[in-house]
1. Which of the following residues is of a type in the set (S, T, N, Q) and modelled with pLDDT under 95: THR402, THR388?
2. Can you give me the number of residues within the range 175-193 that are touching a strand residue (DSSP E or B) at 6+ places or on another chain (Cβ under 7 Å) and either among the aliphatic types (A, V, I, L, M) or surrounded by fewer than 17 Cβ atoms within 10 Å (Cβ to Cβ) (or both)?
3. Taking the condition within 23 Å of the chain's Cα centre (by Cα), closer than 21 Å to THR146 by Cβ, of a type in the set (Asp, Glu) and surrounded by 19 or more Cβ atoms within 10 Å (Cβ to Cβ), does ASP48 pass?
4. Cβ-Cβ distance below 8 Å, separation of 6 or more or different chains: which pairs start in the range 265-278 with a residue that is more than 17 Å from VAL357 (Cα to Cα) and end on one that is open to solvent by 20 Å² or more (accessible area, probe 1.4 Å) and among the basic types (Lys, Arg)?
5. Provide a single number: the residues in the range 375-398 that are closer than 25 Å to GLN307 by Cβ, open to solvent by 20 Å² or more (accessible area, probe 1.4 Å) and not in a strand (DSSP E or B).
6. Which residue is farthest from SER205 (Cα to Cα), if the candidates are limited to the range 267-293 and must be modelled with pLDDT of 90 or more and not in a strand (DSSP E or B)?
7. Does the range 343-371 hold any residues that are touching a Leu at 6+ places or on another chain (Cβ under 6 Å), farther than 19 Å from ALA328 by Cβ and open to solvent by 20 Å² or more (accessible area, probe 1.4 Å), and which are they?
8. Of the residues THR321, THR375, THR330, only one is over 17 Å from GLU273 (Cβ atoms) and not basic (Lys, Arg); which?
Amino acid sequence: MARIVMKFGGTSMAGTERIRRVAGIVKRQQDAGHEVAVVVSAMAGETDRLVNFCREANALYDPAEYDVVVAAGEQITSGLLALTLQAMGCKARSWLGWQLPVRTNDAHAKARIEEIDSEALLASMATGEIAVIPGFQGLAPEGRVTTLGRGGSDTSAVAVAAAVKADRCDIYTDVDGVYTTDPRIVAKARKLPLVTYEEMLELASVGSKVLQTRSVSLAMKEKVRVQVLSSFIDESAPAADTLPGTMIVSDEELEGSDMERQLITGIAADKNEAKVTLTRVSDRPGAVASIFGPLAEANINVDMIIQNVAKDKGDTDVTFTVPQADLARTQAMLEERKEAIGYYRMISDDKVAKISVVGVGMRSHAGVASTMFKTLADRGINIQAISTSEIKVSVLIDADETELAVRVLHTAYGLDAA
C-alpha cells in the first residue's frame, strides 16, 4: 500500500463528464489499497473568467479581494469531485485551504506556502477517506484567503505530498509525460521515462509548460517523487502504477537506474520573450546598475544580458531580454530614467524566441554549445543573444524561425525517435 497525492489540471476538470472520468481514476487507486489525496484546479477557462470579473469591477483591484474571487474556481471543482466520488460509493470529503490549513505568507495573488498542517488530513486518509483539496489557495497569517499565482495547483500538490510524506505525487495533465521537445513541433519527439529535478527545473523555466517552475523547485527541496501522467486514458487502461508517464527524480536515483544517460535531455522553446537594446550607454561604473536596479525593484525578471565592448569614445550598447508581458513597463521605466542612465536610443523587439538545450550530461561533455551554434548557422538562423548555465545553453533568435530551430537541433543531438 502506498500514500499517493494525485493532481488534476483544468482540462481534466472541465465539466461533469471529465470530473466523472477523474473520479474513476481516483477510485481505482483507492481500490488498489492506497491512501489517496487529490488536489484539483479550477475548470479550464474559469480562472480567466473570474479574473475578468475583477477587472470589470475595479481596474485597480485590491489583491486581497481578487484572491477571494479567483479562489472560488478550485472550491467548486473540489466539491464536485467529492460529490462524484460519493456517488460512486467512495468515502470522500473536500478540504478547503483554510480548513487544513495551508499556511502562506501575505503576498496576495502570488503567495508562497510556508506550512501545511497535516494531522487532520492524515487521520482522515487513515480511515479510508479520499481527501479532495482545492489547489492554488491558502491562508494568510491574518486569516484571509490567498492564491499562489498561475499554475499554483502544481505547487499545492507537491506541498501536500511533502506534508503527508507521500510515496509519490502524480500530476495528471493533458499530456502523457515529458518529451524531448514539443511533439506538436517534432513528430519524432520521445517520451522520457526519467528526468532529474534540475533538468525539469531548467525545462520549466525556459518554456516547457508541463510543470510549473515553483512546483519542481519545491519537489527538489522536499525530495518528493513526481510523476507526470495523462488523465485522458481509456478506462480499460492499466493503472498509473503499471503505465507510468515521466518520473521526476533526484540525480542519485537516475544514476541507479538502468537508463542510458543522454547528453541532451530536451529542447524547449519560449516565444514569450522581448529584447531591449539601449545604445551608446556611458561606459562608467554604475551605468549598468542604473539600468537593472529599477527593473529588479519592480520585480521585472531580466534573462539574457549582452554588453558590447566599449568603443573608443567611451560608450557601449546593452541588450537584454524581459518577459513579453513586462515589455511596456520596462520601456516606461527606462524612458523615465533616460537622463540618469545616459543612453542615446532604446530599441525593442517582441518578435523573438528563446531556444534552449538542457541536459545534465553536458556537465561532463564539451562541445554542446558549438554543436548548437553550428547547427543553427548551417540553416542560416542568426543568434541574437546567448546565456548558459551548468546544464543549459539558451539562444535568442527570430520568432519566425522557432520551429525550424527546434527540429534541426532535435536531430543534431540525436533525440529523434527511431
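The values are calculated or read from the model by the stated rules, or taken from the named source; none is laboratory data. In this text, all values refer to a predicted model and were calculated from it rather than measured experimentally. Please note: Cβ atoms are built from the backbone with ideal geometry, for glycine as well, and neighbour counts cover all protein chains shown. Remember, those area values only see protein heavy atoms, side chains included, never the ligands or the DNA or RNA. Shrake-Rupley method; radii C 1.70, N 1.55, O 1.52, S 1.80 Å.
1. Values: THR402 fails: modelled with pLDDT under 95.
The conditions single out THR388.
2. 6
3. Working: within 23 Å of the chain's Cα centre (by Cα): yes; closer than 21 Å to THR146 by Cβ: yes; of a type in the set (Asp, Glu): yes; surrounded by 19 or more Cβ atoms within 10 Å (Cβ to Cβ): no.
In short, no.
4. So the pair list comes out as LEU278/ARG345.
5. First, the residues of the range 375-398 that are closer than 25 Å to GLN307 by Cβ: 376-377, 381-398.
After this cut, where a residue has to be open to solvent by 20 Å² or more (accessible area, probe 1.4 Å) as well, the list is 377, 382-384, 386-390, 392, 398.
Going one step further and asking which of them are not in a strand (DSSP E or B), we end up with 377, 382-384, 390.
Number satisfying all stated conditions: 5.
6. SER290
7. If the condition is that a residue be touching a Leu at 6+ places or on another chain (Cβ under 6 Å), farther than 19 Å from ALA328 by Cβ and open to solvent by 20 Å² or more (accessible area, probe 1.4 Å), then HIS365 is the only one that fits.
8. On the way: THR321 fails: over 17 Å from GLU273 (Cβ atoms); THR330 fails: over 17 Å from GLU273 (Cβ atoms).
Among THR321, THR375, THR330, only THR375 is over 17 Å from GLU273 (Cβ atoms) and not basic (Lys, Arg).
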